[in-house]
Amino acid sequence: MTEMLHKTQQDSQVEIFSNCLKVKTLEGVYNLANYLADISGERKRENPLEKNGGSFVTEFILLGLTDQPDIQLPLFFLFLVMYIITVLGNLGLIILIGLNSHLHTPMYFFLFNLSFIDLCYSSVFTPKMLINFISKNIISYMGCMTQLYFFCFFAISECYVLTSMAYDRFICKPLLYNVTMSSNVCSGLMLGSYLMAFSGAVAHTGCMLRLTFCNANTINHYFCDIFPLLQLSCMSTYVSELVVFIVVGTNVIVPSFIIFVSYGFIISSILHISSMGRRSKTFSTCSSHIIAVSLFSGSFAFMYLKPSSVVSLDGEKISSVFYTSVVPTMNPLIYSLRNKDVKLALRKTLIKLGRRNLKKKMMDQKSPFF
């Protein structure tokens, strides 16, 4: 009887141990399955926003440049005129350089690309800004990210194209120019500019895509800029701010330093010109270039080279007007109205078009019986 009781106790202990082992094994398998699902991305992660009753943002509202109704209409016409000048000026330069073979030189090759960039750059956000002056402006999440990408791409491209143009002027020595600024060198500089712009735009947009935006979807700006978007995120933005400092420091400060050093050497050469009239004319041309570059790079550095916590968006919107609207409007005026070659090309093109129209009219007026 004692042996049977002892055997029963042993069987129950074995059964308990076996059950515990099964539970532990199943728990281990379950944990392992969860781990493998996590690393493979197959298991749906728990959304912390669902606990808090929040939701993902699918669209943003752009507040615009100002909320004062009295100045909305005057600002609409002001920026509309600036946009028309930007489009016509840059498009005109592109057509002139393309049609006139004597403008197919390194300097005008860079100017062609600068005009193309300014044309696209201003078109990224100016139409949306104009809409904001007359009605409520809503942009989708993907539309906002796309606008941010192209804004970064064309802004960084412009920095490097301006650097290439400054380098082109710096080494403008008749004996070395054709060798130093060959077509391969010019193409390589432009390819490098666009590659740097692509990498910088991908870095900014990638960091923005990884952020989570909760219920707040009102952007205190007239386009999807970096810092206004960072302030809406309900996640830590430390990595994104670090990327801003690195990318802006690399793509704005370094090219600006090269540009000002190049123009420093150019101004030094100008001071050695004996003719006072030629010296003042050359210095006037260089000074206008330096002003345009200073406005572009200075407003960029002022906007982005500081933490987002100290950014005053109402003040920063005014600063951003310089690098988004003023500089693209100024560039075609600076590089065309003060340029003899461009004026000559424009005159020749207008004369050619006039003769062609006159010939067409004469052909139309000619009687079919003669």
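The values are calculated or read from the model by the stated rules, or taken from the named source; none is laboratory data. Predicted model only: the values in this text are computed from it and were never measured. We place every Cβ from the backbone using ideal geometry, glycine too, and count neighbours over all the protein chains shown. Side chains are part of the model used for accessible areas, which takes the heavy atoms of the whole protein and leaves out ligands, DNA and RNA. Shrake-Rupley method; radii C 1.70, N 1.55, O 1.52, S 1.80 Å.
Computed in the context of the full set of protein chains, the accessible area of the stretch 141-247 at 1.4 Å probe radius has 72% of its extent on carbon or sulfur.
Using packing as a proxy for protection, rank 245-254, 230-239 so that the peptide with the highest average count of other Cβ atoms within 10 Å comes first.
Per-residue Cβ counts within 10 Å, averaged per peptide and sorted highest first, yield 245-254, 230-239.
Less than 5 angstrom separates the built amide H of Phe60 from those of Ile139, Ser140, Tyr141, all sequence-distant by 5 or more or on a different chain.
Converting the Cα gyration tensor eigenvalues of the stretch 136-242 into ellipsoid dimensions via √(5λ) gives semi-axes, longest first, of 39, 13, 11 Å. 3J(HN,Hα) along the stretch 246-255: 5, 5, 5, x, 6, 9, 10, 5, 5, x Hz, from the Karplus curve 6.51 cos²θ - 1.76 cosθ + 1.60 with θ = phi - 60°, whole Hz, x for Gly and Pro.
Which length gain, in nm to one decimal place, applies between Ile291 and Leu333 when the Cα-Cα distance is subtracted from 0.36 nm times their residue separation? Can you show the working numbers first?
On the way: separation 42, 0.36 × 42 = 15.12 nm, distance 1.29 nm.
Contour length minus the Cα-Cα distance gives 13.8 nm.
Computed packing ranks the peptides 111-120, 142-151, 352-361 as 111-120, 142-151, 352-361, most packed first, by mean other Cβ atoms within 10 Å. The distance from the alpha carbon centre of the stretch 60-75 to that of the stretch 116-140 is 13 Å, rounded to a whole number. Each peptide among 122-131, 259-268 gets the average number of other Cβ atoms lying within 10 Å of its residues, and from highest to lowest they stand as 122-131, 259-268. Once the chain from His104 to Asn357 is taken as fully extended at 0.36 nm per residue, the excess over their C-alpha distance is 88.5 nm.
Spin-label pair Lys343-Ala301: with each label point 7 Å from Cα along the Cα-Cβ axis, the two points sit 3.4 nm from one another.
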